[in-house]
Ligand code: GLN
C-alpha cells in the first residue's frame, strides 16, 4: 500500500518546513524506500515563473521546464526523488483545471464548489504522483501556515485522504515554533494553539516538530505532548543548526523520527544507511580550508534569491574539503565605485561568480566585476546572464566594440552581441518565449569545461530568452573568446571561456540546479578548485 505524509506548519512562516520534510524523505530513502515529494503553494499564480526574486526568492527549474518554488530545490539536494512539473502544485493550477472542466461541461450541470470539486482535484494531483509504480511514500508539504484562508482546501483534502485511504496510510506532521521570550524562557503556548487550530479542521497531528533554539528538556517535551495529544516520542525537536542544514536528517535520526514514521504507517524497511551523509556533514563542519567567493549580483539582499547557487558553491567546497565563505557584492554599488574602491572590494576574494538575472539594472556593475576578474586573473564563473555579461565585457574591452550590448538592455545597440534569434522575434511579439528545462550541449575537447565534466555531452537546464548572436561568433573567437559548448548542430552557443586566463567560464544554462552535497556539480567543484589555487598563489 502506498503511504502519504502531510507536512503542515503553524505559528509563523519560514520555520524550515521544506527542510524538515526533505530531511525525513532523506532518512526514509536511507532505509531503501522510494519517496516522492510534492510542494503545494497556496497562491493563485499558476507557477513561480513570473514572481519577483525579491518577493519569492529563486525560481527553481525542473528538467521538464516547470518554474517552481525554491523548496523543490532543497528536495533535490536532500533526496534522490525525481522533481518534475507534477511535484509542484499551486492554487492557480487547481482552479485553472477545475474551471476548464466546468467550461467543457464535464460537471454535468452540477454546482461546482470548493468541496468536493477543488478538494477532489487536489487529491487527484497528489495521487497521480503517489500512485506511480515503485513509489512507497509521498511527502506533501502544504505551504503557508495553518489558519491562512488560502490553505484551508488543502488541509481539508489532506483530512479526507485519511478516511479515503485508511488511517495506517496517511500521516500528519505539524511544525511549530517554541519561541524564547523575556529572560530566555521557552514558550509552548503558540504550539498548543496551533495544534488546536489544526484539530478544529479535523486533523490530529501524529508527529510534532518543534523548532527551537536548542534541544528541549524532557519536562518541556512532556508538557507539549500533554497539551497536543501527540505521544512524547513523537515530539521531535528541530533545534537551530549552527554549522550546516545538512545535519538535519541526522538530528531527526537521533530522535528516531524515521522509526516512529515506519511504526505509525506499519511500513517495513531496511536499516538506515547514513554513513555517506554523515561523512559529508563532517566535511562541512571540519573543513580546514576557507575560500571566499564574491557573488556579484543584483538580488543579493535576499538570501533566497540565489539559493541554489549558494548551495552549489558550498558543494564545490565539500568536493575540495573547503568551506566556502560568500561575499555578496551588490552589482549596482560597483557602478559608482572608483577603480581603487573596486580594487578594495575584490581584495579579499579568491573567485567571482556572476549569477543569472533579468533586466538592465545592475548589469554595468557586473561588467566591471567581470573585467576586474579577467584582467586580474581571478577565477570567474558566469551563469546565464553572467555568461552574457562576460561576452559583452569581452566585446567591449577586447574587441573594442564600445557599444556592444544585449538587446535586452539596449534594443537599439549597433553591436547586439547578445540578442533574440531571428525566429524568436516574431514569437516574442505574441507574448514572449523562454528556453526552459533540460537540453543537450556538446562540449569542445581541450576546454576547461570539457575537462571539468570529463565528457563531451551534457544535459543541463535552461531558463532564458537571449542568446549569443551567431553573427558575432567569428569576431569573438578570433579575439580570444573561446566558444566551448554548443547545442547539437552548433545552432546556439552554450558556453564560453576566456583564453590566457586560469579559469574564466560562462555557461548559458543553470548547473546549480543539479548540484547536491553528495554529488557536487563538476563545474562548481572545478571552480572552487581553481579559486583555491588562486588563493594559494596570492598568499
Ligand atoms: N535575462 C537573460 C535572458 O533572458 C538571462 C536569463 C537568466 O539569467 N536566467 O536571456
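Details
- Residue within segment 456-478 that is closer than 22 Å to residue 380 by Cβ, more than 16 Å from the ligand (Cβ to nearest atom) and in a loop (DSSP other than H, G, I, E, B) present: no
- Test for residue 187: is it surrounded by 14 or more Cβ atoms within 10 Å (Cβ to Cβ), under 24 Å from residue 225 (Cα atoms) and without any contact (Cβ under 8 Å) to a residue 12 or more places away in the chain: yes
- Residues that are part of a loop (DSSP other than H, G, I, E, B) and in contact with a helix residue (DSSP H, G or I) (Cβ under 6 Å, 6 or more places away or on another chain), drawn from segment 179-204: 188, 202, 203
- Scanning segment 436-449 for any residue that is without any contact (Cβ under 8 Å) to a residue 40 or more places away in the chain and either in contact with a strand residue (DSSP E or B) (Cβ under 7 Å, 6 or more places away or on another chain) or within 16 Å of the ligand (Cβ to nearest atom) (or both) turns up nothing.
- Segment 310-353, residues that are in a helix (DSSP H, G or I) and within 17 Å of residue 530 (Cβ to Cβ): 312, 313, 314, 315, 316, 317, 318, 319, 346
- Residue check, residue 423 in a strand (DSSP E or B) and either more than 16 Å from the ligand (Cβ to nearest atom) or at pLDDT below 95 (or both): no
- Residue that is out of contact with any helix residue (DSSP H, G or I) (no Cβ under 6 Å at 6 or more places or on another chain), farther than 28 Å from residue 177 by Cα and in contact (Cβ under 8 Å) with a residue 40 or more places away in the chain, where the choices are 32, 16: 32
- Residue that is nearest to the ligand (Cβ to nearest atom), among those in segment 387-409 that are closer than 21 Å to residue 462 by Cβ and surrounded by fewer than 20 Cβ atoms within 10 Å (Cβ to Cβ): 408
- Scanning segment 496-518 for residues that are in contact with a helix residue (DSSP H, G or I) (Cβ under 8 Å, 6 or more places away or on another chain) and away from the ligand (no atom under 16 Å from the Cβ) turns up 497, 498, 501, 502, 503, 504, 515, 516, 517, 518.
- Among the residues of segment 77-116, those identified as surrounded by 21 or more Cβ atoms within 10 Å (Cβ to Cβ) and in contact with a helix residue (DSSP H, G or I) (Cβ under 7 Å, 6 or more places away or on another chain) are 77, 78, 79, 81, 83, 87, 88, 89, 91, 94.
Okay, residues lined up against (1) within 16 Å of the ligand (Cβ to nearest atom); (2) at pLDDT below 95; (3) within 19 Å of residue 524 (Cα to Cα):
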| residue | (1), (2), (3) |
| --- | --- |
| 313 | no, no, yes |
| 322 | no, no, yes |
| 328 | no, no, yes |
| 338 | no, yes, no |
| 348 | no, yes, no |
| 360 | yes, yes, no |
| 373 | no, no, yes |
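- Note on segment 60-76: residues that are outside any helix (DSSP H, G or I) and crowded, with 23+ Cβ neighbours inside 10 Å total 5.
- Contacts under 9 angstrom Cβ, first residue in segment 383-412 being within 19 Å of residue 351 (Cβ to Cβ), partner in a loop (DSSP other than H, G, I, E, B) and away from the ligand (no atom under 16 Å from the Cβ), 6 or more apart: 394/479; 394/480
- Some residue of segment 231-245 being more than 18 Å from residue 380 (Cα to Cα), within 22 Å of the chain's Cα centre (by Cα) and without any contact (Cβ under 8 Å) to a residue 24 or more places away in the chain: yes
- Here 384, 380 are screened, and the one residue that is crowded, with 24+ Cβ neighbours inside 10 Å and either closer than 18 Å to residue 468 by Cβ or within 15 Å of the ligand (Cβ to nearest atom) (or both) is 380.
- Of all residues making up segment 374-417, the number that are assigned to a helix (DSSP H, G or I) and closer than 17 Å to residue 503 by Cα: 10
The values are calculated or read from the model by the stated rules, or taken from the named source; none is laboratory data. Small disclaimer: the values here were computed from a predicted structure and weren't measured. Using ideal geometry, Cβ is built from the backbone for each residue, glycine included, and neighbour counts are taken over all protein chains shown.
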